[in-house]
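The values are calculated or read from the model by the stated rules, or taken from the named source; none is laboratory data. The model shown is predicted, which means the values in this text are computed figures rather than measured ones. Glycine gets a Cβ as well: all are built from the backbone with ideal geometry, and neighbour counts include every protein chain shown. Remember, those area values only see protein heavy atoms, side chains included, never the ligands or the DNA or RNA. Shrake-Rupley method; radii C 1.70, N 1.55, O 1.52, S 1.80 Å.
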Amino acid sequence: MINAFDPSFVDYNSVDPADLENNLNKAFELAETKMGIPKLLEAADLIEGNPDERSVILYVSLFFHAFVQAEEAKKRDEEREKEKREKEKKMTDLQSQLSETSERISEVIRERDDLLAQNQNLQTQIQQREKAIKDLEDRYRDLMMELEELKKKRSSGRERGEKQIQELESKIDDISKQLAANEAAKADLEARNKNLLAELDATKKANDEILAKQDQIANEVKASQSKLDEEAKRRNRMKAEVEDLKKKVGKEVERRRQKSKALLELQKEVQALRKRALIEAKARRGLDVLKINLEEHLEDMFQWRDLHQLDTEGARLEFNLEEV
């Protein structure tokens, strides 16, 4: 039974099949030290074949309880190990997600900074374009005023005025073209700025979502850590309870051992008393037989004396055992 409980407990190479008493004592010692089963039997009684039946039944039943407790402890350990692996896997997954989220946040922050820099550059370009457009508009307005003045002076110097008017109109056309190009560039810059603002808003939104997810993962990690701490505290409490139970079991085992020892001593005393009573009964039966034989012998002797007329009176007397 000990080998079935754990094959590593018994070294069969050190066992001598001829030394029965030593083998039994080793088995009792292994059962007590390895399995917590107190020694309730004596090797000599088992070898002689006269052990107490109730003690044997109790001792064997303790093996059954030890097997059941070992199986339950094994299942509890397997469940705890499985739960521990699952929690460790979950913690690893959460840490991996947290690391990926942190990397994503860094990437989003870099993209946001790039978009802000691009937006700043576009704002600067827009301001420069607006300034250029304003300068061109001022120049255009000055040229138009100059053109009006030249038209007024056209009557005095028609040819020279027409030439100047053509030059002014050419300049005005150039300025108009520049204004149109600047307006187109301004519209393009505004469109790009709008797109950048939309991308920036989307980036901010994604950043907020990532931050919220990071907070959620952090909360889950915190909750898992709290559960692990509670589990560790619960294990410590259970360990303390197990130690306390072991102490109580040790005390109970010692008490039962003392009780079993006292019971064995009482059983030995009872057996000795039974043997003594048997001897005394046999002695009483022998004395009774001896008494009967003596009585019969005395009666025979009395009759023999009467037969040979050994009494002085010559009369035959009746046999009286008490008088004899």
| said: Condition first: among the polar types (S, T, N, Q), in contact with a helix residue (DSSP H, G or I) (Cβ under 8 Å, 6 or more places away or on another chain) and over 30 Å from E269 (Cβ atoms). Now tell me which residues in segment 4-32 satisfy that. | reply: none
| Criterion (within 30 Å of R85 (Cβ to Cβ) and hydroxyl-bearing (S, T, Y)) met by exactly one of S224, S260, S176 | S224
| note | Going through (1) more than 23 Å from R255 (Cβ to Cβ); (2) open to solvent by 60 Å² or more (accessible area, probe 1.4 Å); (3) among the aliphatic types (A, V, I, L, M) one by one, A73 fails only at (2)
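Is there a residue being loosely packed, with under 15 Cβ neighbours inside 10 Å and either under 21 Å from L264 (Cβ atoms) or modelled with pLDDT of 85 or more (or both) anywhere in segment 33-45?
Within segment 33-45, one or more residues are loosely packed, with under 15 Cβ neighbours inside 10 Å and either under 21 Å from L264 (Cβ atoms) or modelled with pLDDT of 85 or more (or both).
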| request: Please verify whether segment 101-116 includes one or more residues that are within 32 Å of the chain's Cα centre (by Cα) and surrounded by 12 or more Cβ atoms within 10 Å (Cβ to Cβ). | output: yes
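Picking from K227, K239, K251, which residue would you name as being surrounded by 10 or more Cβ atoms within 10 Å (Cβ to Cβ), of a type in the set (K, R) and in contact (Cβ under 8 Å) with a residue 60 or more places away in the chain?
Step by step, each of K227, K239, K251 is checked, and only K227 is surrounded by 10 or more Cβ atoms within 10 Å (Cβ to Cβ), of a type in the set (K, R) and in contact (Cβ under 8 Å) with a residue 60 or more places away in the chain.
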| task | Only residues that are part of a helix (DSSP H, G or I), out of contact with any Leu (no Cβ under 9 Å at 6 or more places or on another chain) and touching a residue at least 60 places away in the same chain (Cβ under 8 Å): list them for segment 5-56, please. | result | F5
| said: polar (S, T, N, Q) and over 28 Å from S106 (Cα atoms): is that true of S224 in this structure? | reply: no
